[in-house]
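The structure appears below as structure tokens.
The numbers here are math on the coordinates, done by the rules we state, and not lab data. None of the values given here were measured: they were computed from a predicted structure. Here the Cβ positions follow ideal geometry from the backbone for every residue, glycine too, while neighbour counts run over all protein chains shown.
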Amino acid sequence: MHGRFTWYELYATDTAAAKKFYPPVTGWGVQKWDDAGPDNPYEMWTAGGVPFAGMLPLTDEMKGRGVPTHWLTYVSVNSASETIAKATGLGARLVWGPETVPTVGVLAILKDPQGAMIAILQPDTPGDGFDGTAKLGQMSWHELSTSDWKAALNFYGALFGWEKIQEMDMGGGNMYTIFGHGTKLFGGMFNTNKEWGDMPPNWLPYINVRDIKAAEAAIKRGGGKIMNGPMEVPDGSWIIMGADAQGAMFAVHMVSDKAATKAASNAGKKAKPAKKSKAKPKKKAEAKKAKKKDKKKAEKRAKKAAKKAKKAAKKAKKAKKKKR
């Protein structure tokens, strides 16, 4: 589906070391991609036996250019050629591709106007992609640290249809903007704090883990680095930002029950608005109350009328006696 995150790739200097580091942190499995061929090794990360990401070694040419170990995020598109034309027209740069991979689709890597790398995939077999639902072991959040989040949101909004859903003040006027489609939350964007050093614009993938403390311990045991966390975020979830043993930045995300309930509630709002469901019982209660009030008033009026009629009857009886 156009505009949804659909695949992730780890470019590693040492794939064997990466296979030792990530499974204890994330619970992932590893599966070879048979179609890759001997000259182009490619392995896939799996969660619950389902492939959702890949891994390949950095080429000598990449190493020569100083490309470090890193994660690359893919977004699904209806047409790679149209997306590339639109992206470059909006100020992005085509870094690699488009290239057609048999049984996979058309791929390309772009650098957005602020300098963050993002990949696109026009799949041979269209799939749903990330719909905002956190699945254990898979990516559950996507975060862009950039130099101008407003310009970035305009760019990605025009390219993928992403919208600003919510905005939070991180302090000092630095805003954190949550984006997605409708009620579906995909990730966040914010301006990089200059105090953090010379950090280029980048996309950071978050991996959904079962236990944040266990993930923290595994990162440390595996030689990784904790940059931030464990930290509780506003929806009650917990996160850790860090780097693997080879320096690739990534984050882990333990989704709280509160966040999962809120996501389910947001999904339900679209089908059945909350206002509508609340209004009906309120109107019924008000109508019942009014009916009861009217009944009491009618009974009071009837009693008053009966009293008057009785009084009038007595008066008439007395007058009749006097006449006699």
Check your understanding: Using the Karplus equation 6.51 cos²θ - 1.76 cosθ + 1.60 (θ = phi - 60°), what ³J(HN,Hα) coupling, rounded to whole Hz, does each residue of region 143-150 give in order, writing x for Gly and Pro?
Key -> 10, 10, 9, 9, 8, 8, 5, 5
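I need the per residue convex hull volume for region 5-271, using only the alpha carbons, in cubic angstrom as a whole number.
Details: hull volume 36.1 nm³, N = 267.
Taking only Cα atoms, region 5-271 has a hull volume of 135 Å³ per residue.
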Practice item. Determine the sum of side-chain charges near residue 24: Lys and Arg each +1, Asp and Glu each -1, restricted to other residues whose C-beta is under 11 angstrom from that of residue 24. Key: +4
Review point. Amide H to amide H, which residues 5 or more places from residue 180 or on other chains are under 5 Å from it, using H placed in the peptide plane?
Key: 163, 165, 186
Practice item. May I ask you to compute the full-extension gain from residue 233 to residue 151, defined as 0.36 nm times their residue separation minus their alpha-carbon distance, rounded to one decimal in nm? Key: 27.0 nm
Point to revise | Calculated FRET value between residue 62 and residue 174, using beta carbons and R₀ = 51 Å, to 0.05 | key: 0.95
Review point. Check residue 7: other-chain or 5+ apart residues with amide H under 5 Å from its amide H, H built from backbone geometry?
Key: 74
**Study point:** Length released on extending from residue 32 to residue 93, taking residue separation times 0.36 nm less the Cα-Cα span
**Key:** 18.8 nm
Review point. Under a 5 Å amide H to amide H cut-off, with H placed in plane at 1.01 Å, what residues pair with residue 140 once short-range neighbours are removed?
Key: 206, 207, 208
**Study point:** Vicinal HN-Hα couplings computed from phi for region 220-226 (Karplus, 6.51 cos²θ - 1.76 cosθ + 1.60; Hz; Gly/Pro x)
**Key:** 5, 4, x, x, x, 10, 8
Check your understanding: Going 7 Å from the Cα of residue 20 in the Cα-to-Cβ direction, what parts of region 63-86 have a backbone nitrogen less than 12 Å from that spot?
Key -> none
